[in-house]
Amino acid sequence: MYKLILFDLDGTLAESKQPITSEMATLLTRLLAATRVAIISGGALPQFLSQAVTELPHGANLAHLYLLPTSGAALYAYDNGDWKKIYEERLSEKEAYAIEAAMRAAGAETGLIDFSKPVYGERIEYRGGQVTLSALGQRAPLDEKKAWDPTHTKRSALRKYIAERLPEFSVSIGGATSIDITKHGVDKAYGVRKLCERLGIRESDALYVGDELGAGGNDEAVFKTASQTHAVSGPEDTMRLIESLVAGTTKD
Ligand SMILES: [Mg+2]
């Protein structure tokens, strides 16, 4: 068994912004009984709690669970009944303003986002360690999000525009419609490294599971670490992997 198994959240453990299924919760609970598990995603902590943690059954070994919100810019561990922050690479408000200005300019100049038109909730969200641009708004329906940029073209254009103007930050593609910006060097690879360090395990003894490990995908940064990787097509695929892991039959 791997000493640590890290999962992306949206598209890997759950559908975008949806809670994990009860079957997934049961499998994660079995995995938590066997090894350490981490969840790493662009969302903020409350999103992790509502989408995953509160869905786990009573008695799940939360002492084995680690949460890395905002793409690894922060790490939380369970301690005495509460989620305790281990670190957070916070962006200052001044930095957040500069990032927001670049996001608005990118939307206008690429012609991809018209900020004068209403959408589903806020388009730009400051999450402490990260600022996120969601082209269709934070609460856009899943089918509209999936249809917006199936080839990554729009997100790549937005990412490139912003990255050229903000070289002092890390700019990456987030979810189906989003761009995530963190402090320079802070990404999923940073989160994986920090957690392995804290747990005193070798990166090569960890497994990273994600649905966007391909070029330009939001799990791609993990290849900068020595951690093993396993690509999945969605939550169903992830459940099959966990089943094989807990059964001790995986060939990874
Ligand atoms: Mg994903």
Task: Val246 being open to solvent by less than 30 Å² (accessible area, probe 1.4 Å) and among the β-branched types (Val, Ile, Thr) - done: no
Open item on the list: Considering only residues that are farther than 22 Å from Ala63 by Cβ, in a helix (DSSP H, G or I) and open to solvent by less than 10 Å² (accessible area, probe 1.4 Å), which ones fall in region 189-234?
Closed with: Ala189, Val222
- [ ] Tell me which residues, restricted to region 162-185, are surrounded by fewer than 24 Cβ atoms within 10 Å (Cβ to Cβ) and away from the ligand (no atom under 16 Å from the Cβ).
- [x] Ile162, Ala163, Glu164, Arg165, Leu166, Pro167, Glu168, Phe169, Ser170, Lys183, His184, Gly185
Open item on the list: Being away from the ligand (no atom under 16 Å from the Cβ) and of a type in the set (D, E, K, R) narrows it down to one residue among Lys17, Lys3; which is it?
Closed with: Lys3
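The values are calculated or read from the model by the stated rules, or taken from the named source; none is laboratory data. Every value quoted in this text rests on a predicted model; they were computed, and no experiment measured them. No Cβ is skipped: glycine too gets one built from the backbone with ideal geometry, and neighbour counts run over all protein chains shown. The area values use the complete protein model at the heavy-atom level, side chains included, leaving out ligands, DNA and RNA. Shrake-Rupley method; radii C 1.70, N 1.55, O 1.52, S 1.80 Å.
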